Amino acid sequence: MSVITILIVDDSTTIRAMLEEVLGREPGFRLIGSAADAETAIRLVAEHHPDVTTLDIAMPGVDGLSLLDTIHLRTHAVMLTSRCEAANDSFHRGALGFFDKSRIMRDGAKLVKIVRAAAEGKQTRAVA
């Protein structure tokens, strides 16, 4: 399998650092960058064409669901939030995975599986 390229989008520096730690140490993953806002994310998707983009749902300005509407045809998205009630809306808008970001460090292996599935174009319906 080829290397899976990943873009991280979250307004929280702490969450971005945790995602970089979990996903960056995974063999076969290559982080191509991170963004704290939608404008930067759109530019990075256009420049780097990541296989998977992790998206925070609750961001100031353009939220993750609106950003998903813009980029879902150019990258596979895994939505991250602690608001699990948003999962169905995420899937209807084109997300392939959903992960409770309060569990990044504790359940990093589950996040890795969801990202791998998304890279293959497979939807992970279970909310982890």
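The values are calculated or read from the model by the stated rules, or taken from the named source; none is laboratory data. Please read all numbers here as calculations on a predicted model, not as lab measurements. Note that each Cβ is placed from the backbone with ideal geometry, even for glycine, and that neighbours are counted across all protein chains shown.
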ask   = When you go through PHE98, PHE29 one by one, which is the residue that is more than 18 Å from VAL3 (Cβ to Cβ) and touching a helix residue (DSSP H, G or I) at 6+ places or on another chain (Cβ under 6 Å)?
value = PHE98
inquiry  = I'm trying to understand the selection: among the residues of segment 2-20, which are hydrophobic (A, V, I, L, M, F, W, C) and assigned to a helix (DSSP H, G or I)?
reply    = ILE15, ALA17, MET18, LEU19
inquiry  = Condition check: modelled with pLDDT under 95 and closer than 27 Å to SER2 by Cβ. Does THR70 satisfy that?
reply    = yes
